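> Have a look at the structure that comes next, please.
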Amino acid sequence: QVLPLLGALGGTGLLLEYEDAFPYAGALRALRARHAYRPAELRALLSQARTQGLEVVPLVQTFGHMEFVLKHKEFAHLREVKEFPNALNPHKEESRALVKAMIDQVMALHEDLKWFHIGCDEVYYLGEGEESKQWLQQQGNTPEKLCLSHIKAVASCLVSSYPTVMPIVWDDMLRGMSEETLAESGVPQLVQPMIWDYAADLNVEDKVHLIEKYRRCGFSKVWFASAFKGATGVNQSLTLIGHHLKNHLQWLEVARNSPADVLEGIALTGWQRYDHFSVLCELLPVAMPSLAVCLQALKNGGYSEKVKENVEKLLGMSNLETETFMSTSLGTFPGSNILALVTHVSFYLKSSVDELLERNRYVTGWFSPYHRKRKIIHPIIMHHFQPDAVSLLSKWNAVVQDLQAAMEQVFHECTVEEWMEENVHPSLQKLQQVVDDLDEA
């Protein structure tokens, strides 16, 4: 349902990081999450993307952010540092075989790929494993060279099996390296770096210098990566469009100041978690207006009243706010009902429950935790707040039921469960407990 909208908004491709949602099979079967796509579902998605003219680029992590692989006991021996499941040990033959098997399985489900993203960002603790420490003691060996040799091995393996496919890598591990180190590694001839920065105030001049440096090292093209969600707070539930719009306007400046033929494309990232073990940040339906604004800003070279009207028309929204979290108009885009309900819950659930329990003098004065524990209540006082508590509870139960039903249309049950436990249950259970205590008292 979302794909036609992406095309209408100006998207030309789809970068898909699969992680544990890919239907890995055989020796890799353990990597599949319970809610992984079935091969038939993925084929349908990819064929729909092609129909919409969206170029698909799969992303498979091959170095850092490997928690979804290395958390499993059968792959734990391939960790760089024994206790940490984040990074792959680059010294082991078996590590490369694992990466190759993952790439091959993903490749088998895709047709006519031009690019394949091999990840390689945030390789924390690289060089701190036992084998790395020994390797680094040898003359001339450095953590930079260790990093580049693994990237080169993965990219070479990909290119030798799939000669028409160009590997893409995140650029953060490369940024600080000297031109000489990069040029000598042979990596620039094999991959295209994707320069990522999700800040609203990213430094345009620094980025242009970085691009020029990458050019001098031998990289033929670079990509940019912005963010339309999932980059402003690890447990953020609503998207502040203004932050992301500024990020894209800065990237447009970088593009204007860069050599004309260097930019291959820009990926608008929408992270769902900061890493495999962190909580969910904004859900995709909640961030659709942000994605629409950002895509249209890129397509039109900026943001104006006219662009805003166009976005509103495409989303079926009467008034789009970019500077507040409050989305007052509903919209007709896929998932707009989820956005409306999540906004309502995020703004009012906790505050209305806190208002009753912490700022109502009858509750704080005559039904404190001390009273509740001993089941003591003055019957007259009870009439002052029991009806409010009961009606607030029934109101929120109804809203939450609607949200649950809307989310179940879109998400796997584990996503619904997690979002509810993080964002709804703490306040709702507090309120329910007071109502139950009142009944008992």
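The values are calculated or read from the model by the stated rules, or taken from the named source; none is laboratory data. None of the values given here were measured: they were computed from a predicted structure. Every residue, glycine among them, receives a Cβ derived from its backbone with ideal geometry; neighbour counts consider all protein chains shown. In case anyone asks, the SASA skips ligands and DNA or RNA and just uses the protein heavy atoms, side chains included. Shrake-Rupley method; radii C 1.70, N 1.55, O 1.52, S 1.80 Å.
> Looking only at Trp419, Trp366, Trp115, which one moves most when the chain is put into a Gaussian network model with springs between Cα atoms under 10 Å?
Trp366
> For helix 425-440, what angle does its Cα long axis make with the longest principal axis of the chain, in degrees from 0 to 90 and rounded to 10?
20
> Under 16 Å from a point placed 7 Å out from the Cα of Ile380 along the Cα-to-Cβ direction: which residues of the range 333-372 have their backbone N that close?
Zone members listed by number: 362-363, 365-367.
> With the other protein chains left in place, how much accessible area per residue, in square angstrom, belongs to the chain at a 1.4 angstrom probe? Can you show the working numbers first?
Details: 20540 Å² over 441 residues.
Per-residue value: 47 Å².
> When you count, for each residue, the other Cβ atoms within 10 Å and take the mean per peptide, how do 14-21, 287-294 rank with the highest first?
The peptides rank, most packed first, as 287-294, 14-21.
> Mind giving me the nanometre distance, one decimal, between the label points for His72 and Lys350, set 7 Å out from Cα along Cα→Cβ?
Inter-label distance under the simple model: 3.6 nm.
> If I stretch the segment between Lys92 and Asp261 completely, what's the gain in nm (0.36 nm per residue apart, minus their alpha carbon distance), one decimal?
57.0 nm
> Within the range 216-317, count lysine pairs with alpha carbon atoms under 18 angstrom apart where the residues are 8 or more positions apart or belong to different chains. Mind showing how you got there, number by number?
Values: Lys229/Lys246; Lys246/Lys299; Lys246/Lys306; Lys246/Lys308; Lys299/Lys308; Lys299/Lys313.
Pairs that pass both the separation and distance tests number 6.
> Let me ask something else about it. Magnitude of the Cβ-charge dipole of the range 336-440, K/R +1 and D/E -1, about the Cα centre, nearest 20 debye? Could the numbers behind the result be given before it?
Working: 9 positive and 15 negative charges, 136 e Å.
Dipole size: approximately 660 debye.
> Let me ask something else. Output the peptides 429-435, 187-193 sorted from most to least packed, where packing is the average of other Cβ atoms within 10 Å over each peptide's residues.
Working: 429-435: 15.9, 187-193: 21.6.
Ranked by mean Cβ neighbours within 10 Å, highest first: 187-193, 429-435.
> When the accessible area of the chain is split by element with a 1.4 Å probe, what percent falls to carbon and sulfur?
Numbers: 10540 of 20540 Å².
It is 51 percent, rounded to a whole number.
> If I stretch the segment between Glu179 and Tyr162 completely, what's the gain in nm (0.36 nm per residue apart, minus their alpha carbon distance), one decimal? If you can, show how the numbers build up before the last one.
Details: separation 17, 0.36 × 17 = 6.12 nm, distance 2.82 nm.
In short, 3.3 nm is gained.
> I want to verify a result. In a Gaussian network model of the chain, Cα cutoff 10 Å, which of these has the top mean-square fluctuation: Pro369, Pro163, Pro334?
Checking each option, the largest mean-square fluctuation is seen for Pro369.
> For the residue pair Arg50 and Val279, what label-to-label distance in nm results when each label sits 7 Å from Cα along the Cα-to-beta-carbon direction?
4.1
> To the nearest Å, what is the center-to-center distance of the range 192-269 and the range 332-358, using C-alpha atoms only?
Each part's Cα centre sits 32 Å from the other's.
> According to a simple spin-label model (label point 7 Å from Cα along Cα-to-Cβ), what is the distance in nm between Val399 and Glu417?
With each label point 7 Å from Cα toward Cβ, the separation is 2.5 nm.
> Assuming R0 = 30 Å, can you tell me the calculated FRET efficiency for the pair Ala199 and Lys221, based on Cβ-Cβ distance, to the nearest 0.05? Don't jump to the answer; show the numbers that get you there.
On the way: r = 23 Å, r/R0 = 0.77.
Once the sixth-power term is evaluated, E becomes 0.80.
> Another question, if that's okay. What three numbers, in Å, describe the spread of the alpha carbons of the range 1-127 along their principal axes, ordered from the longest?
47, 27, 23
> Oh, and also: Angle between the Cα long axis of helix 93-108 and the longest principal axis of the chain, 0 to 90 degrees, nearest 10?
Roughly 70 degrees between the two axes.
> Right, here's the next one. What is the magnitude of the charge dipole of the chain about its Cα centre, with +1 placed on the Cβ of each Lys and Arg, -1 on the Cβ of each Asp and Glu, and no other charges, expressed in debye to the nearest 20?
Numbers: 40 positive and 55 negative charges, 66 e Å.
Value, rounded to 20: 320 debye.
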